[in-house]
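Since the structure comes first, as structure tokens, the remarks are kept for the end.
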Amino acid sequence: MAITITMGIQKGGCGKSTTTGILSHLLTENGYRVLAVDMDSQGNLTELLSEQPSNEFMGKSVLEAMQHNNVDEFIVPISDKLDLLPANNFLATFPRWIYTGKTYSGDTIPFKGNPSLILDEALDQVREKYDFIVIDTPPSLSEQTTNALCASEFVVVLFECSNWCYSAIPNFMDSVEGARNFSKRDTKVAGILRTMNDVRRSDAKAFNEMIQEDYPEEVFETIITRKAPVGRLSLYGFNGNSELKQALDQYESFYEELIERVKG
């Protein structure tokens with residue numbers, strides 16, 4: 001039965017998609033069967049893993065998988081051990097479909113049920129096939145994010161070392177607690193990952209220390225610093241990338257910490 005992990009924070013630019021992609025890659029490199037789920041209509045995780053524009057997946061994405069309650073039909077194989085449920089910009093119409101039954105194509109597919117558990121119930125169809133399901137989320141406390149949280153046993157909270165992200169953390173932690181109380185997954189925070197750290201800035205150092213003081217049990221020891229090879233993953237991907245080892249180096253320790261927490 002898969003362990004399901006969501007990457008989240010309602011602020012953009014915190015490395016959610018990159019971290020989700022890297023975690024998916026590291027899990028498969030260690031022999032695990034992984035399903036990566038893109039719940040962000042920007043489709044960045046989709047493009048990172050598939051190396052195709054997200055618009056290539058119109059009509060064959062996670063949105064249709066939820067609307068038709070058929071996950072298998074919309075899974076895209078990436079490698080022997082990695083599959084993807086892709087996303088594109090039409091995922092932004094997910095709330096409209098929930099509350100009106102209208103799809104982006106003009107069809108009517110009435111929805112009945114709990115609007116926060118759609119993804120969870122859909123993923124139940126495939127959990128036995130994977131060791132891990134890893135979910136990327138949008139930079140908002142939206143229906144997409146709520147569904148991802150309610151479908152997960154664990155949440156990695158991404159903390160970009162800045163004032164705005166610092167102020168976003170309490171609301172997001174409340175959302176995780178809400179999912180824990182509302183869903184059947186006993187959703188909990190696996191940890192807070194400090195990302196996008198700029199070693200040249202004293203304020204980044206201060207925010208790193210502040211979040212550790214506020215959440216001493218949750219914060220991972222690993223701090224992800226800004227490095228060009230990580231930023232260029234969106235250009236070069238994971239295949240034939242001469243910079244890949246440099247991009248992944250600092251994530252290895254995060255990976256080890258995370259595995260210890262979710263499997264320990």
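Please report Rg over Rh for the stretch 7-87, where both radii come from the alpha carbon positions and Rh follows the Kirkwood definition. It would help to have the intermediate numbers written out before the result.
Numbers: Rg = 12.3 Å, Rh = 12.9 Å.
Using only Cα positions, Rg/Rh for the stretch 7-87 is 0.95.
Which order do Trp97, Trp164 take when ranked by solvent-accessible area (1.4 Å probe, heavy atoms of all protein chains), largest first?
Values: Trp97 5, Trp164 195 Å².
Sorted descending by solvent-accessible area, the residues read Trp164, Trp97.
From the gyration tensor of the Cα coordinates in the stretch 121-215, what semi-axes in whole Å does the equivalent ellipsoid have, largest first, with each one equal to sqrt(5λ)? All intermediate terms of the calculation are to be shown ahead of the outcome.
Values: eigenvalues 163, 38, 25 Å².
In descending order, the three semi-axes are 29, 14, 11 Å.
With axes computed from alpha carbons, what is the tilt in degrees of helix 202-214 against the longest principal axis of the chain, rounded to the nearest 10 within 0 to 90?
Once rounded, the angle reads 70 degrees.
Which length gain, in nm to one decimal place, applies between Ser167 and Thr108 when the Cα-Cα distance is subtracted from 0.36 nm times their residue separation? Working shown, then result.
Working: separation 59, 0.36 × 59 = 21.24 nm, distance 3.98 nm.
Taking 0.36 nm per residue and subtracting the Cα distance, the gain is 17.3 nm.
Within the stretch 1-24, name every residue whose backbone N is under 17 Å away from a label modeled 7 Å from Cα of Asp186 along the Cβ vector.
Output list for this probe position: 1-6.
Could you do me a favour and compute the accessible area per residue for the chain, 1.4 Å probe, result in Å²? Display every interim value, and only then the final one.
On the way: 11580 Å² over 264 residues.
I get 44 Å² per residue for this part.
Compute the relative contact order of the chain as a whole-number percentage, counting only Cα pairs closer than 8 Å that sit 6 or more residues apart in sequence.
Taking the mean separation of contacting Cα pairs over the length of the chain, I get 24 percent.
In square nanometres, what is one fourth of the surface area of the convex hull spanned by the alpha carbons of the stretch 1-138?
Details: hull surface 31.2 nm².
In nm², the orientation-averaged hull projection of the stretch 1-138 is 7.8.
So for the pair Ala228, Lys205, with labels modelled 7 Å out along Cα→Cβ, what separation do we get in nm?
Inter-label distance under the simple model: 2.4 nm.
Tally up the carbon and sulfur contribution to the accessible surface of the stretch 1-154 as a whole percent, 1.4 Å probe, everything protein left in place. All intermediate terms of the calculation are to be shown ahead of the outcome.
Working: 2620 of 5650 Å².
Within the stretch 1-154, the accessible surface is 46 percent carbon and sulfur.
How many angstrom separate the Cα center of the stretch 132-176 from the Cα center of the stretch 91-123?
Between the Cα centres of the stretch 132-176 and the stretch 91-123 lies a distance of 21 Å.
Please state the shape class of the stretch 161-264: rounded when a/c is under 1.5, otherwise prolate if a/b exceeds b/c and oblate if not, all from the C-alpha gyration tensor.
Working: a/c = 2.03, a/b = 1.35, b/c = 1.51.
Verdict is oblate for the stretch 161-264.
Long-range amide H contacts for Val37: which residues qualify at under 5 Å (H placed 1.01 Å from N, peptide plane, sequence gap of 5 or more or a different chain)?
Amide H neighbours of Val37: Leu85, Val134, Ile135, Asp136.
Would you compute, from DSSP H runs of 4+ residues alone, the mean residue ellipticity of the chain at 222 nm, taking -39500 (n - 2.57) per run and dividing by the full residue count, rounded to the nearest 500? Provide the component values of the computation, followed by the final result.
Values: 11 runs with 109 residues, N = 264.
Helix-only estimate at 222 nm: -12000 deg cm²/dmol.
How would you order 124-134, 59-69, 15-25, 110-120 from highest to lowest mean count of nearby Cβ atoms within 10 Å?
Details: 124-134: 17.5, 59-69: 20.7, 15-25: 25.2, 110-120: 16.0.
Ranked by mean Cβ neighbours within 10 Å, highest first: 15-25, 59-69, 124-134, 110-120.
How far apart, in nm, are two points set 7 Å out from the Cα along the Cα-to-Cβ line at Gln246 and at Arg261?
For Gln246 paired with Arg261, the spin-label model returns 2.9 nm.
Please give the helix 163-182 orientation as an angle from the longest Cα principal axis of the chain, in degrees from 0 to 90, rounded to the nearest 10.
Once rounded, the angle reads 50 degrees.
Given bins 5 angstrom wide, list per bin the percent of all Cα-Cα distances in the chain, short to long.
1, 6, 14, 18, 20, 17, 12, 7, 3, 1, 0
Antiparallel versus total DSSP beta bridges in the chain: what percent is that, nearest 5?
Antiparallel bridges make up about 10 percent of those DSSP assigns within the chain.
The values are calculated or read from the model by the stated rules, or taken from the named source; none is laboratory data. This one's a predicted model, so the numbers in the text were calculated from it and none came from an experiment. Heads up, the Cβs are rebuilt from the backbone with ideal geometry, glycines too, and the neighbour counts pull from every protein chain shown. Heavy atoms of the whole protein, side chains included, go into the accessibility calculation; ligands, DNA and RNA do not. Shrake-Rupley method; radii C 1.70, N 1.55, O 1.52, S 1.80 Å.
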